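What follows is a single structure, and I will ask about it in a moment.
The values are calculated or read from the model by the stated rules, or taken from the named source; none is laboratory data. As the structure is a prediction and not an experimental result, all values here were calculated from the model. For neighbour counting, all protein chains shown are included, and Cβ atoms are generated from backbone atoms with ideal geometry for every residue, glycine included. To get the accessible areas, we keep the full protein, side chains included, count just its heavy atoms, and leave off ligands, DNA and RNA. Shrake-Rupley method; radii C 1.70, N 1.55, O 1.52, S 1.80 Å.
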Amino acid sequence: MMKMWKYILMSVLALGILSSCSDDEDNFAYGDFLYELVTYIGSEDGRAMFTYQSYNDSPLITLTASNVKEVNAPVGQRMLLNYEVDESLSESNQFITVKGLSKVNTDTIVFVSFDKLETLKKEPVKIASVWRSGNYLNVRCSLQYSEEARVMGLATTGDIDADGVLKCYQIQDTKGAQLYYWIETYFSYYIAPATNLNDCKTLRYYVNDELRPNVKWYDFELGMNDESDFVTNK
């Protein structure tokens, strides 16, 4: 079920350090400090652990924190992580020192009927970047702030066309609330229930993008290990 997000809960100020440092990417480094969008997988031996894939189906990396025992978040929570590497045990396993950590709006793609999809509102957002990392579709965007809860989510009928394309849609319904200034936030959608369907080769993300009104969708191919379909409006 799509969640009701109230954006005062996800403070944009907490993400400011990340957005202010980036020109056109969400995966970057300044000196020894790194930033990644990660998944919290719990703790082991008193150390918090995270995993991430930079883009598409690139290798899964495990990060073990030396200075954080556990995180006040459920396993599976997506987070923006600021860190530096203490020791690389292998290409896929690193010990790190956490410098900053912020929760990201985390949800799962939902299946709806075609008739239901037609009734769901798709109000405009301002896309900064969209990319797939493994089983997640990540969206960095700006929304108009309101004091009321709104419906946000990613929806699909689950139908796959002859070319292997599965269409999904960015849902936003502000419920007629008074809208104010634009704020930046992140969403990370778990898409495996859709992309694991037989014959699915491409995820097509439909969004009402105020910055690119003539662009109706963005395609993300499955089985890729580079960033060739990374989308940015910066």
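For the stretch 67-172, report the accessible area per residue in Å² (1.4 Å probe, heavy atoms, rounded to an integer).
So the stretch 67-172 comes to 43 Å² accessible per residue, rounded to a whole number.
Let me know the number of lysine pairs in the stretch 98-186 closer than 20 Å at the Cα, not counting same-chain pairs under 8 apart.
Total qualifying Lys-Lys pairs in the stretch 98-186 comes to 8.
Could you give the nm distance between label points at Lys99 and Thr51, where each point is 7 Å from its Cα heading toward the beta carbon?
About 2.6 nm, to one decimal.
What accessible area, in Å² to the nearest ten, does a 1.4 Å probe give for Tyr218?
The value for Tyr218 is about 20 Å².
Which of the listed residues, Gly134, Ile183, Leu211, is farthest toward the dipole's positive end in the stretch 99-234, when Lys, Arg count +1 and Asp, Glu count -1 at the beta-carbon?
Ile183
Given the stretch 93-153, what whole percent of its Cα pairs are spread farther than 18 Å?
Across the stretch 93-153, Cα pairs with separations above 18 Å total 58 percent.
With label points built 7 Å along Cα→Cβ from the Cα atoms of Leu179 and Val75, find their separation and express it in nm.
Here the modelled spin labels are 4.0 nm apart.
If we sort 174-185, 194-205 on the protection proxy, mean other Cβ atoms within 10 Å, highest first, what's the order?
Ranked by mean Cβ neighbours within 10 Å, highest first: 194-205, 174-185.
On to the next question. Using the Cα centre of the stretch 92-200 as origin and beta-carbon charges of +1 (Lys, Arg) and -1 (Asp, Glu), tell me which of Thr195, Val98, Tyr145 is placed farthest towards the positive end of the dipole.
So the residue furthest toward the plus end is Val98.
Where Rh is the Kirkwood radius over the Cα pairs of the stretch 73-203, the temperature 37 °C and the viscosity 0.692 mPa s, what D in µm²/s does Stokes-Einstein return?
Reported coefficient: 194 µm²/s.
Only four residue types carry charge here, +1 at the Cβ of Lys and Arg and -1 at the Cβ of Asp and Glu. Report the dipole size of the stretch 81-234 about the Cα centre in Debye, rounded to the nearest 20.
That gives a dipole near 480 debye.
Contour minus end-to-end for Ser90 and Glu147, with contour as 0.36 nm per residue of separation and end-to-end as the Cα-Cα distance?
This chain segment gains 15.9 nm when fully extended.
Taking the Cα centre of the stretch 43-106 as the origin, how large is its charge dipole in debye, to the nearest 20, when only Lys and Arg (+1) and Asp and Glu (-1) carry charge on their Cβ atoms?
It works out to roughly 340 debye.
Leaving out ligands, DNA and RNA but keeping every protein chain, what accessible area does Lys103 have, in Å² rounded to the nearest 10, with a 1.4 Å probe?
Accessible area of Lys103: about 90 Å².
Taking the Cα-to-Cβ direction at Lys126 and at Lys216 and moving 7 Å from each Cα, how far apart do the two end points lie in nm?
It is 2.5 nm.
Also: At 1.4 Å probe size, what's the solvent-accessible area of Glu118? Round to the nearest 10 Å².
In the full protein context, Glu118 sits at about 120 Å².
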